[in-house]
Every structure is written in C-alpha cells, then in structure tokens.
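Have a look at the structure below before the remarks.
The values are calculated or read from the model by the stated rules, or taken from the named source; none is laboratory data. Because the structure is predicted, anything quoted here is derived from the model rather than measured. Note that we place each Cβ from the backbone using ideal geometry, even for glycine, and neighbour counts take in every protein chain shown. To get the accessible areas, we keep the full protein, side chains included, count just its heavy atoms, and leave off ligands, DNA and RNA. Shrake-Rupley method; radii C 1.70, N 1.55, O 1.52, S 1.80 Å.
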Amino acid sequence: SPSSIFEAFFRQNTDFGFNGQQQHRGQKKDPPVKRNLSVSLKDLYLGKTMKLSITRNKIQGGSITCSDCGGRGVKVQTRQLGPGMIQQMQSRCGKCNGNGSTCNYSKETNIVELCIERGYLDGADIKFSEMADENINSIPGDIIFTLNQKPDPIFKRKNNDLLIVRDISIYDVFVDYEFILDL
C-alpha cells in the first residue's frame, strides 16, 4: 500500500531509537539477536566503556514482487494421485520467505559504545534497540549483549562484595598483619 511504502522510506529517518518506543503499525518485530561478551571482574566492578562494530544487512532500494510466488508468499503445488484424485499442497515460498516480495541488501557497519556500569553482575544484559538485520515487512530486532565474567585469579565476587582468600600465619593474626592488594 502507498502508506507502507511511505513508512518504509521514512522509517530510517524518523526512528531515532528512543528506548524502542516508536509504534510501527502492521509490522512485527524480528526476534532479538543474542551475543555473549566476556569481561573481566574489574570491568564489572569498576565499569568500562568500549566500542564495538556491528555489521548488519540493510535493505537497499525498494522491494519487488516475488517472481516465484507472484506476491502471494506461498506456492501451491498440485499433483494427481490417481484417476479423479488430486492433492493440493501449499507451502511458504523459499525465495521470498513468505513475504511476497524480495529486495537487495547491503552491508552496513555501525560503531556503538557499550557502557558497562559500575557494579553490573555476571549475566547482565545490554540492549541496542533495532540494530539487527533489516527484513521486509518487519521491524529490525534488538541486539542483546550478555556480560559473562571471566574467572579472576585473585578475587571472587559475592553480590557486591569482593572476596580474597589468603593464607596467613597465627602470628600475623595477633600483630595486625597488613598486605597490599594489587588491582
């Protein structure tokens, strides 16, 4: 329809990703893309900002009606089983993936800043709204980075407390033993 063409053309200019709250009538959102990101205990405890490169497929130009299914999104196959017996099967079109139209894609690379806030826990998620691949008749999915803490050779973390195990002698207990922690 003319309104969907207008919306598809201007969507990239009007959607600034403000918390992903923009409404897109008649379109479903693609599922999120999940990625694991290994970070150190120090990064989780003190915070860190890093730059990541995200490459995605972006629709190039407009879409055209699928030549295999004629724009219906499904293929109908008819076969004769015997005299007077016909079987008709309907399946999703493989060329357009059921959309009824196809388009050309180009690769787009974006540099994003991933901010790990101080005190994030292992397994925390950081979401970039609508940064996944573009597809016909749908809103791009979110990219979700799950932070995975790498083992630390010195410290262990229990909620917001840092723990260290260190052997000391009985003498050190009574003489106010001190040692320096190297971070």
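Straight-distance candidates among the aspartates and glutamates for linking to Lys29, with alpha-carbon spacing under 12 Å and chain neighbours fewer than 8 residues away dropped: Glu130, Asp133, Glu134, Asp142. Residues whose amide H lies under 5 Å from that of Gly100, counting only those 5 or more places away or on a different chain, are Gly73; hydrogens are built 1.01 Å from N in the peptide plane. The lysines whose alpha-carbon is closer than 22 Å to the alpha-carbon of Lys48, local same-chain residues fewer than 8 away aside, are Lys34, Lys127, Lys150, Lys156, Lys158. Note on segment 35-183: with neighbouring protein chains present and a 1.4 Å probe, carbon and sulfur make up 48 percent of its accessible heavy-atom surface.
Residues of segment 28-52 with an amide N closer than 15 Å to a point placed 7 Å from the Cα of Arg118 along the Cα-to-Cβ direction: 42-49. When DSSP beta bridges are restricted to pairs lying wholly in segment 19-176, around 80% turn out antiparallel. Qualifying trypsin sites (Lys or Arg not before Pro) in segment 38-108, where qualification requires a DSSP coil assignment and no more than 15 other C-beta atoms within 10 Å, comprise Arg72, Lys95. Dipole of segment 34-183 computed with +1 at Lys/Arg Cβ and -1 at Asp/Glu Cβ about the Cα centre; of Gln149, Gln77, Leu46, farthest Cα towards the positive end is Gln77.
Modelled label positions at Ser101 and Lys51, each set 7 Å beyond Cα in the direction of Cβ, lie 3.6 nm from each other.
A 1.4 Å probe run over the protein chains yields, for segment 37-151, 60 Å² of accessible area per residue, whole-number rounding.
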